[in-house]
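One structure is given below, encoded as structure tokens.
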Amino acid sequence: MRLLVSSKFFCMKTLPSGEEGFVLTLSSELLLKDHPLSQASFALGMLDPRLMKSSHHISSWLKSEGESPFHIAHGKNAWELTSQDAEFNDIFNQAMESDSRFVTSLLVTNNVFKGLLEGIESLIDVGGGNGATAKAISEAFPWLKCSVLDLPQVVGGLQKNCSNVNFVVGDMFEAIPHADVILLKWILHDWSDTDCIKILKRCKEAIPNKNQGGKVIIIDIVVDPQIDNYKGFDDAQLLLDMEMMSVTSEGQERTKQEWENIFTIAGFSDYIIHPILGLRSAIALHP
């Protein structure tokens, strides 16, 4: 508990009896299951033994030609495991829903994000899981036609429980349905530069030109200690970079220059980084 107090996760309080006790802080309150923005599922997902096991194989991976530490640990990649292990798939999707609920609560009230959706009629959340982000955006911007594209094991059967979001089964590497805006929330950091370029080219095919409002909005980390909004998040960004190395084959957190290289090769004309989400940014990418 002293460690958790030192890290500001809990704080000390003197009780009326004179004894010292521990109380929740704003950070630890987020682990309460009944908190409206609870991160309990996200914490449990990130600490799931199947994910943690991969970090034990980093040394073996560095000395071998294995696909990833995760693959060495499980004999398959993370996406194959989610398709074959229903429990892990549920835990992972609940973790992503928890994160989406928190991030989207910040997005929909942010004036920069509101500006990005001005004049827009349709949005598709690529890799949007069970639709938590799309649902929140649809509720905040009711004129928007919102859809989610994801794999069958993720979105199969979800449509019957949702009236304001359309769920589409598909593969972002093959084709993306047409929309004014494509949203990629915490997607590209899972993939290599080559795969990111493939995904972005599919996005470019799916949106109208810049003059008609077409854009891709990327919610992801930009590793840049020079950006004032990121100060204090450096360690978290780099730890997530290690997590990507451990779990994916070639995923990573990227610097501004690394993002720019990908955007240019994928055929996009310009971009703007909006550091509005703590350790993550909203990147507006125009064809």
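Considering each residue of the range 120-145, count those that are more than 18 Å from the chain's Cα centre (by Cα) and closer than 19 Å to Cys203 by Cα, and give that number.
5
What number of residues in the range 2-20 are farther than 25 Å from Ser98 by Cα and at pLDDT 90 or above?
4
Among the helices (runs of 4 or more DSSP H) contained in the range 25-108, which hold 2 or more residues that are surrounded by 18 or more Cβ atoms within 10 Å (Cβ to Cβ) and either touching a residue at least 24 places away in the same chain (Cβ under 8 Å) or under 16 Å from the mean Cα position of the chain (by Cα) (or both)?
40-46, 49-55, 69-74, 78-84, 86-107
Please work out which one of (1) closer than 19 Å to Leu116 by Cβ; (2) in contact with a Leu (Cβ under 7 Å, 6 or more places away or on another chain) is the condition Lys135 fails and give its number.
Result: Lys135 passes all but (2).
Please go through the range 240-287 and pick out each residue that is crowded, with 17+ Cβ neighbours inside 10 Å, small (Gly, Ala, Ser) and farther than 26 Å from Thr109 by Cβ.
Ser246, Ser249, Gly251, Ala266
Check the range 212-233 and report whether any residue there is without any contact (Cβ under 8 Å) to a residue 60 or more places away in the chain, within 16 Å of the chain's Cα centre (by Cα) and outside any loop (DSSP other than H, G, I, E, B).
Yes, the range 212-233 contains at least one residue that is without any contact (Cβ under 8 Å) to a residue 60 or more places away in the chain, within 16 Å of the chain's Cα centre (by Cα) and outside any loop (DSSP other than H, G, I, E, B).
Report yes if some residue within the range 256-267 is closer than 20 Å to Ser100 by Cα, touching a helix residue (DSSP H, G or I) at 6+ places or on another chain (Cβ under 9 Å) and not polar (S, T, N, Q); otherwise report no.
No.
Out of the range 167-225, which residues are within 21 Å of Gly119 (Cα to Cα), surrounded by fewer than 20 Cβ atoms within 10 Å (Cβ to Cβ) and among the acidic types (Asp, Glu)?
Glu205
Hey, among Glu97, Glu87, which residue is at pLDDT 90 or above and of a type in the set (Asp, Glu)?
From the options Glu97, Glu87, the qualifying one is Glu87.
Conditions tested, residue by residue: (1) aliphatic (A, V, I, L, M); (2) free of Cβ contacts under 8 Å to residues at least 24 places away in the same chain; (3) out of contact with any strand residue (DSSP E or B) (no Cβ under 7 Å at 6 or more places or on another chain).
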position: Val126; (1), (2), (3): yes, no, no
position: Ala136; (1), (2), (3): yes, no, yes
position: Cys146; (1), (2), (3): no, no, no
position: Asn166; (1), (2), (3): no, yes, no
position: Lys198; (1), (2), (3): no, no, yes
position: Lys204; (1), (2), (3): no, no, yes
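Provide a single number: the residues in the range 124-149 that are more than 18 Å from Phe92 (Cβ to Cβ) and in a strand (DSSP E or B).
4
Of all residues in the range 120-133, how many are modelled with pLDDT under 95 and within 10 Å of Phe167 (Cα to Cα)?
Summing the residues that are modelled with pLDDT under 95 and within 10 Å of Phe167 (Cα to Cα) in the range 120-133 gives 4.
The values are calculated or read from the model by the stated rules, or taken from the named source; none is laboratory data. Nothing here was measured: the structure is a model prediction, and the numbers come from that model. Note: ideal-geometry Cβ built from the backbone for every residue, glycine included; neighbour counts use all protein chains shown.
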